[in-house]
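Beneath this line is the structure, given in structure tokens, with notes to follow.
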Amino acid sequence: MRTGLRLNPITQENVRAACKLELRPDQDHLVAPVAWSIADAYAMPDIAWPRLVYDGEQLVGFVMAAFAADQENPVFHSHLWRLNIGAAHQGKGYGRFAVEEVCQEAMRRGHHRVTVGYHAGPGGPEVFYERLGFRPTGEYNQGETIAERLLVS
């Protein structure tokens, strides 16, 4: 893995660049825009964990998890909520890095499982998540397949 990869919090200095991050046009229906995610994070600061993915000084993506151990539904105790890797930066390991960082944060918080929801089917991220160790649980949320990855320390 490249040594310049890191996750940074969203700040006044980088929020506009974050909102300009764009997916490929054929992916727009798969995940909400970063600006919507930032709004969700603002509305739910107790559970949202939004981060920008950088390679050196280059912004390449956005990831947001929800950590809500008190949530009644265990699917959302430790949940990979959003992942947006810029169109020009896909296929270079940035998504994998972001997901691994979410898993590390989950373990730091004492969680032993991370879930993700995605739209299954052509063009969707199912194969990507499967390669990272996520397996469908048989549950669905708002039409999305729920998959889980068990964490070991």
Separation between Cα centres of segment 1-63 and segment 75-89, rounded to whole Å: 9 Å
The chain - mean residue ellipticity at 222 nm from DSSP helices (-39,500 (n - 2.57) per run, n ≥ 4, rounded to 500): -6500 deg cm²/dmol
Computed lengthening from Ala43 to Arg16, 0.36 nm per intervening residue step minus Cα-Cα distance: 7.9 nm
Bins of 10 Å from zero: percent of alpha-carbon pairs in the chain: 11, 43, 38, 8, 0
Antiparallel DSSP beta bridges within the chain, percent to nearest 5: 95 percent
Phe134, Phe128 arranged by Cβ crowding within 10 Å, fewest neighbours leading: Phe128, Phe134
Segment 5-150 - percent relative contact order, Cα under 8 Å, separation 6 or more: 19 percent
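Every number in this text was worked out from the coordinates using simple rules, so none of it is lab data. Please read these numbers as outputs of a predicted model, since none were measured by experiment. Please note: Cβ atoms are built from the backbone with ideal geometry, for glycine as well, and neighbour counts cover all protein chains shown.
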